[in-house]
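The block underneath contains the structure these notes are about, expressed in structure tokens.
Only the coordinates and a few stated rules stand behind these numbers; no lab work does. What you are looking at is a predicted structure, and each value in this text was computed from that prediction instead of being measured. Glycine also receives a Cβ, built like all others from the backbone with ideal geometry; neighbour counts cover every protein chain displayed.
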Amino acid sequence: MARGFRLLELLPWLALCALYVFLPELLPLGTQIIIMIIFALSLDLLLGYTGIVTLGHAAYFGVGAYTSGILAVAGWDGPFTGLAAGAMAAAVVGLVMGLVILRTKGLALLMLGMAVTLIFYELANHFQAWTGGADGLQGISVKPIFGLFEFDMYGKVGFAYAALVLLACLVFVRHLVLSPFGRSLVGIRENATRMTAIGVPVQQRKLIVFSVAAGIAGVAGALSAQTNQFVGLNVLSFELSGTVLIVLVVGGAGRLYGAFLGTPIYFAAQDILAKGDPVYWLFWLGLILIVVATFARGGVLGLYDSLVQRFSALYPAQLKRGNP
């Protein structure tokens, strides 16, 4: 990815502006899409850029959500302080869990990630006085944004607030992946042994990016708690970990903007398939994923790149034949 911003990178923001202006009835759904984009961005740092495959990323989303929600119920209801608290709690948990998880590889890595999510799920279910257990954490209220903009029932303020948080996360992640540190992560993904041989502290950098990714996932979770004003046990579910992984597969992992494409595509496909076949819609979704994984391994963005390369290769031949 080029360091300078390209015009194509404005498209997601133009789409968000269009949604805000022309489809105000879809703003609550748009807010959930933005939250999932932030969550997918965090996973992309691990899966797409560092090559760390995990099925337990929902643990850090849930930690951020419950931290922000519990603090809001207790009276610490500032919007940005709630985000910061959720991010810090998730980052610390990610750092501690990373010390254990990243010592393993392959199947053991996957199993430990799932185990972490299960542990936090049961902890949230057990400490009902704090989390509400199966009934969920209720009574969450957040102060007006900048002391001026109060959350409304139509979701306008929540949508704009979520978009602002997404912009901040994108700028941070973009800067990170384009920095020397970020380029070293790609080297670790491609050949960790060679990176170790040239003096790169591979394990240390994996641990750092694991904690950073967990912190960003915590931001997504805290944002979910604030905009929904409710936190349920589903924020710590294996289903959520699988969903965000699907989003990256569809959009394209390691591409930064794969999260921006994969999330709305997944939500739209889920809605269309569920309406068309309410009983067996998961079958059709699975079939679509098989096709994408088989014929478009780089996701939508990978497919786009391959089409651009084909047309670029054909264009000189057309010039030789005298075609415009």
Please list, ordered by first then second residue, the pairs with beta carbon atoms under 6 Å, 6 or more apart or interchain, first in the stretch 172-198 and closer than 20 Å to residue 212 by Cβ, second charged (D, E, K, R) and not in a helix (DSSP H, G or I). 178/3
Do we find a residue being more than 25 Å from residue 240 (Cα to Cα) and among the basic types (Lys, Arg) anywhere in the stretch 104-112? no
Residues of the stretch 62-81 being touching a residue at least 60 places away in the same chain (Cβ under 8 Å), within 20 Å of residue 132 (Cβ to Cβ) and of a type in the set (Gly, Ala, Ser), in sequence order, are 62, 64, 65, 68, 69, 72
Sole exception among (1) assigned to a helix (DSSP H, G or I); (2) hydrophobic (A, V, I, L, M, F, W, C); (3) crowded, with 19+ Cβ neighbours inside 10 Å for residue 253, by number: (1)
What about residue 147, is it part of a loop (DSSP other than H, G, I, E, B), surrounded by fewer than 16 Cβ atoms within 10 Å (Cβ to Cβ) and either in contact (Cβ under 8 Å) with a residue 12 or more places away in the chain or hydroxyl-bearing (Ser, Thr, Tyr) (or both)? no
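Take the conditions touching a Phe, Trp or Tyr at 6+ places or on another chain (Cβ under 9 Å) and either of a type in the set (Gly, Ala, Ser) or crowded, with 18+ Cβ neighbours inside 10 Å (or both) and apply them to residue 162. Does it pass? Spell out the reasoning first.
On the way: touching a Phe, Trp or Tyr at 6+ places or on another chain (Cβ under 9 Å): no; either of a type in the set (Gly, Ala, Ser) or crowded, with 18+ Cβ neighbours inside 10 Å (or both): yes.
Considered against the rule, which asks whether it is touching a Phe, Trp or Tyr at 6+ places or on another chain (Cβ under 9 Å) and either of a type in the set (Gly, Ala, Ser) or crowded, with 18+ Cβ neighbours inside 10 Å (or both), residue 162 comes out as no.
Out of the stretch 254-282, which residues are hydroxyl-bearing (Ser, Thr, Tyr) and closer than 30 Å to residue 182 by Cα?
Kept after step one, since they are hydroxyl-bearing (Ser, Thr, Tyr), are these residues of the stretch 254-282: 257, 263, 266, 280.
Hits for the stretch 254-282 are 257, 263, 266.
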Unique match (being free of Cβ contacts under 8 Å to residues at least 60 places away in the same chain, in a helix (DSSP H, G or I) and over 23 Å from residue 159 (Cβ atoms)) among 59, 84, 89, 108: 108
Among the residues of the stretch 169-194, how many are exposed (fewer than 13 other Cβ atoms within 10 Å of the Cβ), within 30 Å of residue 31 (Cβ to Cβ) and touching a helix residue (DSSP H, G or I) at 6+ places or on another chain (Cβ under 9 Å)? 1
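When you check residue 95 against the structure, is it within 19 Å of the chain's Cα centre (by Cα) and not polar (S, T, N, Q), yes or no?
Details: within 19 Å of the chain's Cα centre (by Cα): yes; not polar (S, T, N, Q): yes.
So residue 95 passes the test.
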